[in-house]
Every structure is written in structure tokens, then in C-alpha cells.
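All of the numbers you see were taken from the coordinates with simple rules; none came from a lab. No experiment lies behind these values; they were computed from the predicted model shown. Note: ideal-geometry Cβ built from the backbone for every residue, glycine included; neighbour counts use all protein chains shown.
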Amino acid sequence: MSKSTFPILEVQGNRLTSIHGDVSFFYSMLPSDTSQLDEVERTGFFESLARGLNNLNFDNYFKFYKICDSSFLETNGSYLPNFTGIEFKEQSQPLECFFQTREIFSEVGIYDDYVSFNGKYLRVFSVSEFSDDEAHEHLIPQDVDYVLSFKKKAKDKSINKLERIRTGHLSSFLKSKRDISSEGAYSQAEELMRDLIHGSESMFEMEMFFLLRSNSLEELNSMSGAFVSEMLSRGIKVFAEGQSLRHLKSGLTSIFNELIPGVKPRLGLRTLPNKTSHFRYLLPVERSFLMDEGMELHDNSGRPIYFDPFTDAIKNRNMLVTGISGGGKSVFVNKIVHHLIEDHPTVILDKGGSFRKLTKYYGGSNLEYRFNPFQFKDPMYLREIILSVVDVEKFGKLEKGKLLRAIKEALPQSESFFGFIDYLKEDFPEIDLYFEDFKDYISDDHIDAKSILYVDVENYPKSVIAPIIIFILEYFKNIPEKEKILVFDECWSFLGDHCSYIDECFRTFRKTGAFPIAISQSLKDFSSLGDELANSITNNCYFKVFFPQEMEERHDITSFDVENIGSLEFQKGVFSECYLKSSDNRFRKIIRTYLTPLELELFHTEAGKDKKMEGFLSKFEEFFDSSKEAIEAYVRLRHENFQNNNAFYFDI
């Protein structure tokens, strides 16, 4: 084992001073998420990288880091690269970023071909050669750490070197037998010289080192073999650095020291030439990103991303979720609500019980039978309630105006809903007869404000569903908190005659900061109810979430969106994927949903799968302080003993 003196003397903010007196500055990089850019936008992004590289100062060095999905830059220059779509922020913890720990409580040991500290193992691979294949944005694997050190070469020196190369191959044209390889080298040098002169290319001296980390040497060795093969398949030849004369390796100590932030790279032993058009694809500018913070979700590579619909950066929070049955819509919405429900008043309009277990887990209130339409006195709302019961075709524009006037006159005189209906009989004889089969579902009691109110519309006869939906929407509008959640699950077929009211509701939600989530099997579901309702829902929703479904281009769905929707994957019992798109194209991201054991038990909707939980709760819930505690106990037993389905606590 070799030892070396730690090479950093001082860290002051993002300013680093090495033991040799070299001063540099360290920054976090916040690149764009290129997966959310279409082909034209991605081309423009990498062209901007090329322009930024071509404009760098050749007096300064740059060290780019990719460490655990985060990117960093160290430079001794006062000017940062001008890369469109990339933000640089001063980073005051460079050593923690590099070592991935706050403290190094053991010596840093340099062994034959690996480094060890804090019980961790690290191997350094240098790049010794790139293939002649054209570089591309996926050249470097996403999940590998690396350090890229470089300096830009002065244009005149680059041109002089290429001129020498070109001159050296000029004689190949004079040979009696053609030297194809030499002629090719001549042509490449001449083409690159032309690009250098015109400023579309620059030359760089670079070193690139990959860092493999592991908790054991055995695992590190296994990872290393797979890594070397992977890189060869990508056209990159790598070399494991070491400190062993027996294996003809040397220099790991000095190389590892130079990788540490604050140490000026010498660009000596492992230096390779490179040009802008290739070099830009080596920069660590790939980031999977949705929002800075919020609930944890995952991208389609399994990397964590975050989503917070209540962030101040978003004013319109309306969301539409579409997809075929069984594709994961209700699971996704359950997961979102699960992470928000304790901090925000929530109303759930369910159809079939997809959100029943979540409501029970949080102790929500279930409106199972009766409601009081007269709890709210807004005349427009009451007119909508009445129109949801009567023969609406008998109420043209004139009759609707007459009804609204009668409602306004009746309100001061009425103390109950049926007293109110009796008063309307003066202008609309026998209107009360429409409500005869409605009486069993009407109450004079008001619903107190609930933190969670749940309604499954399938508990009501078809004639009552539209009125109770309208009542629930009015209840939601009257919740005083601005940040509140509404789940509206596939109830659209009952609202074809109430487009204007639904439109007004969603416009109100959009303006007031509420978070309504509308769920449907496809955008085509709305078209059968009329263009007015379809446009009302789709146009008022900032977020659109697409699960697998047939999709064609339209005014708000591009070929890029269709391609992403068509690529969605699903593995039963493992994950589902959806595509999140915002109306301004700020977000265009594939999201993968994984479930914890608790979420799996709460969210799944497969028939017959709830019998064990229901049996457990019927026997043991009374011994717990809440449904939440009882369900969590069931989940612990179920999933800590998942191989023994005949255990006594399941035999119920």
C-alpha cells in the first residue's frame, strides 16, 4: 500500500487552494434533461455545447466531474463556459461531492490497482483510445462516474500540428501503389484544418478517468470486467490504473491525487487529442430531472426524480390522466394522493373502489348514502342540480333563465331542499315529481368540513350519480384552503348535459390553485360527450399524463409525444410507466412507478386480492388505535413472511 500527502490545503466557499498554491473554483452543474427535448432541440443543445467549447480560453484548465448522477466543474479561470441550457452554481463542498462522504475516517490506501478508504473500494480506469466511429449523445454510460480534465489548444498550434500531419502523408499520393490509409489521414487532417480555420472546430488536450466504486473488492473485480467489455462495445478502450511493477502499472497515486478537486491536472501521461465535434459528447451534461423537490418517482432507467404539483413555479395544477384499463392510472394517482393527502384537504370521486383502501388507511369519511343538495345556496349550482334530474331537453335557454330567476326568488323563502322544490312549483308545475325516486338519498344534514371525503358513485343509482357529482364539486369549491386535491375517476358519462358547469369548475380550480386530477380511459372518451366538455377538460389541464393507449398527432400532441407514449413499458408486479406532458412543453418526461409493500396493498385493484387484508382487518382491527396501524401491521406480516402464505394470520 502506498500513501500520499492530502493535496488540498484550504477550501473556502467554492475556492480551493492546493498544497502547491494553485487556486481553482468548484461549481455544481445543472444541465438540461435532454430526454425531454425532441430531435431538433437536442441537436440545438449539442450545437450550443460546441459553440461554448470553441469559445473557451486556452489559458485555463477545466475538470468536469460526473459523480452519482450529479455533475460538477472545477476551473482555474474566472470565466465559466457559456453552454445554453446549463446552469452553474457555486459548490462549497467539493471534497464531499468527490468522496461521497463528509468524513474520511481512515487512511486513503493506494494498492496494486485500487484505492480504499472508509471501507469502500475504488478503481480508476483511464481512457487510452477512442474508435473512429462518430460520437453521439449516448456514448458514455449513464450510471458511471468519471472525471474529464482538459485544456483548449491555441488555434495556431493546432493548425501547425495538423499541417505537419498532412505533410507527412502527402507522399502517399506519389506512390505507384496507393496507400489508402495514408490518403485517408491526409484528407482528415485537411478537413479538420479547414474547420479550425473557420472556427467550427477546436482542438483539446484531454484526460478521461472512470471511477468504479464498491463495498467489496470481490464485487469491484466483477464490476471491472463487465465495465471493460461494455466500454469496448462502445468504442472506448480503457486501462485500469495501478501501482504494481509486476503488472507493469504505475502512477495511481499521482493520478488519483489529480482527480481530487483543487488539484491542477498536469495533462501528461494519459493525454489524448480531441476535437469539438467529438469532445462535446464526453461532457457530463445528461441529467434526469422533473422538479427540484417533492415526492420521489423514477425515470425509465430507475433513477429518482421528484414531483410537487404545489410548487410556486406552477400556477395551473389541473391534471388529466388517461390510459387503458389495467395500465396503471389509478395506481399512479393513488401514489400521488398518498404523498400529499396528509397536508391537503382531499375529495375523491371514485368509480369502483380504486381509492377505497387509501381512504380507509387515512381515516377518511365515506359519503355512502345521503347528501343535502341545499347545503350550498349558489343559484347557478342549484340550477345545475335540478337540471341533472329533470328532462333537460325541455329546458331551452329561455326556460333555464326562468328557472334561475325562480331559484333566486325561492332561496330566501326556503329552509330545506324539498321546501325549495315546492316553492319552484309555482313556476314549474309538477317539478317535484322528478324528485320522487330521489327522496331516499336526500338529507337535511350538512356535511362538516372533512380532511378527506370519499364518494363511490357506484353506491348510488344511476339517476342520482349526476346530482351527487355536482354536489361534490360544489363542496370542493367551498373548501377554504387553496391547496386542495380532487380526484375525479371516470365519471364523465354522467355529465354530458353539464358541460358549461364542468368547464366553470375546472376554470375555477385552475385560478385558485387547487389540484384536480381527472381520470379517463382516453381523450376520445370526452369526444362522445361533445366537443364542449372535451375541450373544457383538456384545455384547462396543465398536466396530461398518458398511460399506454393508441395515440395520434393532433394540435397539442406532437410526434415526439406519440413516440414517447408508444415506448411506455409495463412489467406486472414490478413497475408501470406513464408519460407526463405539460401544456407549455416544460415537462415531457417518462415516469416509472414502483411500489412499496404498503403501496402495493393499498393501490392494487385486482379482483379477489383484498380478501386476506379484509379478513385480517375484520378479526384484528379492533385491537389497533386506527385503521392505519392495523393495515401497516398486516403489511409487515404479509411481506416479511411472503413465502409462507399459510401462516396463521392469513388463515382467516
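Can you list, largest first and rounded to whole Å, the semi-axes you get for segment 1-147 by taking the square root of 5 times each eigenvalue of its Cα gyration tensor?
Semi-axes (√(5λ), whole Å): 30, 20, 15.
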Of all trypsin sites (Lys or Arg not before Pro) in segment 76-155, the ones in DSSP coil with at most 15 other Cβ atoms within 10 Å are 102
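About its Cα centre, what dipole magnitude does the chain give when the only charges are +1 on Lys and Arg Cβ and -1 on Asp and Glu Cβ, stated in debye to the nearest 20?
In total the dipole reaches around 2640 debye.
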Quarter of the surface of the C-alpha convex hull for the chain, i.e. direction-averaged projected area in nm², equals 40.2
Filter on 66/151; 157/275; 335/581; 360/450; 357/377; 315/477 - keep pairs with C-alpha separation over 23 Å: 357/377
How long are the three semi-axes of the equivalent ellipsoid of segment 384-497, in whole Å, if each is the root of 5 times an eigenvalue of the C-alpha gyration tensor, listed from largest down? 25, 17, 15
Treating the Cα atoms of segment 535-594 as identical point scatterers in vacuum, please give the log10 of the normalised Debye intensity I(q)/I(0) at q = 0.15, 0.26, 0.31 Å⁻¹, two decimals. -0.45, -1.13, -1.39
Kirkwood Rh, segment 1-83, all Cα pairs: how many Å? 15.1
Straight-line reach from residue 400: which aspartates and glutamates have a Cα under 16 Å away, not including same-chain ones fewer than 8 places off? 378, 384, 391, 409, 426, 427, 497
Find which of 255, 416, 97 sits farthest along the positive direction of the dipole of the chain, computed with +1 on the beta-carbon of Lys and Arg, -1 on that of Asp and Glu, about the Cα centre. 255
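Between residue 111 and residue 303, 0.36 nm times their residue separation minus their Cα-Cα distance comes to what?
65.9 nm
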Pop the C-beta distance of residue 493 and residue 292 into the FRET formula with R0 = 45 Å and round what comes out to the nearest 0.05. 0.70
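Classify segment 240-346 from the C-alpha gyration tensor, please: rounded if a/c falls under 1.5, else prolate or oblate depending on whether a/b exceeds b/c.
It comes out prolate by the Cα gyration axes.
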Dipole in debye (nearest 20) - segment 303-377, about Cα centre, beta carbon charges: Lys, Arg +1; Asp, Glu -1: 240
